[in-house]
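Reading through the structure tokens given below for one structure.
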Amino acid sequence: MIKRTFFILVLFPFVLVNSQDLHFTQFYNAPLKLNPANAGAFKGDLRVISNYRNQWSSINSPFKTFAFSVDLPIFKYKWKNSYLGLGIDVVNDRAGDLNLGSTQVDITAANILSLNKQMTMTVGIQATFNQYNMDMTNAMTGSQFVGSGYDPNISTGEMNLFEPFSFFDVSAGATWNYASGESNIAANDMFIVNIGAAFFHLNRPNLNFYTQDRLYPKIITHGSFNIGIRYFKMSLMPSYLLAFQGPQKEITFGSLIRLKLREESRHTGTISEASLLFGAHYRWLDAIAPSFGVDLGDYLLLLSYDFNTSKLATATRSKGGFEFTLRYRNPELFSKGGGAFLQPKFM
């Protein structure tokens with residue numbers, strides 16, 4: 001009875017949150033977790049992204065998520081109408097005093113195919129290694145309470161409270177991209193559409209929490225847009241995410257505004273673009289998240305904060321989660337000496 005009660009108390013918040021996969025408010029800045037087809041699909045030759053999320057900071061032990069990804073295109077300067085994208089990302093998610101959480105390592109491969117001068121299609125597949133664990137050194141059980149007091153020197157009286165476990169996972173996805181216009185300040189009529197769909201947990205792996213359950217498959221549809229306001233230094237960047245996993249669903253939509261402060265030098269490349277980014281996204285029946293950041297060409301820093309609007313608002317004092325993204329993107333790592341090559345217009 002003690003063991004069952006212990007597991008209910010410890011695992012309830014974890015199951016409550018992770019019955020749906022971990023998520024980022026800035027889903028558009030976690031491309032490999034959003035869709036395997038995003039590997040290598042960007043403007044440049046190397047992309048490195050670091051994400052951090054601290055959720056429910058008003059409680060003593062908030063949920064913390066760290067992510068790091070690297071992806072790059074290959075054969076972009078060799079093949080005529082297509083190239084490959086490769087990526088790797090690592091995600092660590094922790095919750096509570098016992099650090100109950102997971103570590104995920106994803107290996108992703110994608111093919112980027114030019115349909116014509118304006119349209120591009122990508123398809124990708126992802127293999128994932130997952131490991132779940134818990135630090136039992138801070139565990140508290142009923143056996144350690146004497147009278148009305150707690151004595152950490154007393155044995156927990158429990159055996160095999162939690163055994164770490166791991167499994168492999170497979171996911172796949174596809175995107176469609178359309179781009180037209182110019183992005184320079186004089187015209188600023190760049191119009192980009194990127195929509196995609198992904199299917200995660202194709203093999204439905206087993207989860208060994210107290211009882212053995214199979215992980216629900218997850219279906220994601222998403223879209224991002226860049227709408228240049230002609231003859232103004234401003235662009236609208238709306239985006240949306242629809243995610244369905246078992247009984248859980250997530251609907252997020254909103255927009256960033258890009259205010260261009262400096263134009264990139266088109267010939268010498270010695271001056272990079274500089275822009276301010278600000279806006280907000282709304283996660284349906286859960287939170288509203290304003291964002292603010294800067295894009296300095298090769299580097300991007302974006303901060304956001306979730307204000308809780310759900311039934312948990314009272315318990316969390318409307319404090320949801322702080323999140324930031326730091327991105328580095330190298331525009332010309334491999335292009336020297338290359339001839340004509342495919343260079344689709346991604347955001």
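Some points to look at:
So that you can scan it fast, the table gives a plain yes or no per residue for (1) at pLDDT 95 or above; (2) within 16 Å of the chain's Cα centre (by Cα); (3) not polar (S, T, N, Q):
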{"position": "S61", "(1), (2), (3)": "no, no, no"}
{"position": "I74", "(1), (2), (3)": "no, no, yes"}
{"position": "V105", "(1), (2), (3)": "yes, yes, yes"}
{"position": "G147", "(1), (2), (3)": "no, no, yes"}
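- Residue in segment 236-256 that is nearest to F42 (Cα to Cα), counting only those that are surrounded by fewer than 21 Cβ atoms within 10 Å (Cβ to Cβ) and aliphatic (A, V, I, L, M): M237
- Verdict on K233 being surrounded by 15 or more Cβ atoms within 10 Å (Cβ to Cβ), modelled with pLDDT of 95 or more and of a type in the set (D, E, K, R): no
- Any hit, segment 240-257, residues being in contact with a helix residue (DSSP H, G or I) (Cβ under 6 Å, 6 or more places away or on another chain) and under 20 Å from K345 (Cα atoms): no
The values are calculated or read from the model by the stated rules, or taken from the named source; none is laboratory data. Since we're looking at a predicted model, the values are computed, not measured. We place every Cβ from the backbone using ideal geometry, glycine too, and count neighbours over all the protein chains shown.
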